[in-house]
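Worksheet for the structure shown next.
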Amino acid sequence: MSIPENLRKIKSTLPDNVILIAVSKTHPPEAVMEAYTTGQRVFGENKVQELVAKAGQLPKDIQWHLIGHLQSNKVKYIAPFVTLIHSVDSVGLLKEIDRQAKKNYRVISCLLQIYIADEETKFGLSFQECEALLKSAEFGALQNIKITGLMGMATNTENQEQIRKEFKNLKTFFDHLNNLSTLNSQLSTLSMGMSSDYKIAIEEGSTMVRVGSSIFGYRDYTE
Ligand SMILES: *Cc1c(COP(=O)(O)O)cnc(C)c1O
């Protein structure tokens, strides 16, 4: 099927409150434009260099999300325009995002990436680390970032029940944070679910799914 057909099919199954991020990593700007012509405006990339290159060539009303691991020394390249950073996993990185946001007279929205998978390779904070970060004075002092929610990736497994359990745990933690009276901002976004597991993620409370291969086709590599 074509990119527009794939998009229409996926969109028709999404509840109204779930935002679809079209993950265009490794695919050329022409593929992004095919999705754009159907009305899709939110795209995700996992590498800074690729994100910056595509943003420079494509329409300015596209909202770009960084979904992959971010190194502090690369924040400056995306700070002028990025809409949402999904993958914040340290207060050090948050401080650099804050610094670069200030330089650009912006407030940058970020999600904290939480480690929920049963794998060694995934980045992210534990529940405890996340809660400690949100309660820290260091975090409280930052004025040009806004934490709007959490992001998580389930284990890459065929075991649907394990995936469901991991998403359920993240949703429980998300609700727990929103019930803390010490947190002075509500978290509204729960970014979980990719091509292989977004249906389960939505059943477990996802509000934002990051879908790549089901829209754009298979990639030669995944990271
Ligand atoms: C690549 C990627 C996705 C999309 O993966 P698909 O399986 O192609 O849908 C989602 N989230 C992150 C963080 C990714 O790197």
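Counting only residues at least eight positions apart within a chain, or on another chain, the lysines with an alpha carbon under 16 Å from that of Lys11 are Lys199.
Listed by Cβ neighbour count within 10 Å, with the fewest neighbours leading, Ser87, Ser72, Ser188, Ser181 appear as Ser181, Ser188, Ser72, Ser87. Cβ crowding within 10 Å ranks Cys130, Cys110 as Cys130, Cys110, fewest other Cβ atoms first. Of all lysines in the structure, those lying under 20 Å Cα to Cα from Lys54, and not within fewer than 8 positions of it along the same chain, are Lys25, Lys74, Lys76. Of the GluC sites (Glu not before Pro) found in region 70-146, the ones in coil according to DSSP and having at most 11 other Cβ atoms within 10 Å of their Cβ are Glu120.
Fewest neighbouring Cβ atoms within 10 Å first, the residues His65, His176, His27 line up as His176, His27, His65.
Close Lys pairs in region 93-183, defined as Cα atoms under 25 Å apart and 8 or more places apart or on different chains, number 17. Summary value for region 28-95: 29 percent relative contact order, contacts being C-alpha pairs under 8 angstrom separated by 6+ residues.
Ignoring aspartates and glutamates fewer than eight residues from Lys60 along the same chain, the ones with Cα atoms less than 18 angstrom from its Cα are Glu30, Glu34, Glu45, Glu50. In terms of its alpha-carbon gyration tensor, region 1-143 comes out prolate; a/c meets the 1.5 threshold, and the first ratio a/b outweighs b/c. The sum of -39500 (n - 2.57) across all DSSP H runs of n ≥ 4, divided by the residue count of the chain, sets its helix-only mean residue ellipticity at 222 nm to -11000 deg cm²/dmol.
Rule-based calculations on the coordinates, nothing more; no lab input. Computed from a prediction, not measured in an experiment: that's the story for all the values here. Neighbour counts are summed over all protein chains in view; Cβ atoms, including those assigned to glycine, are modelled from backbone coordinates with ideal geometry.
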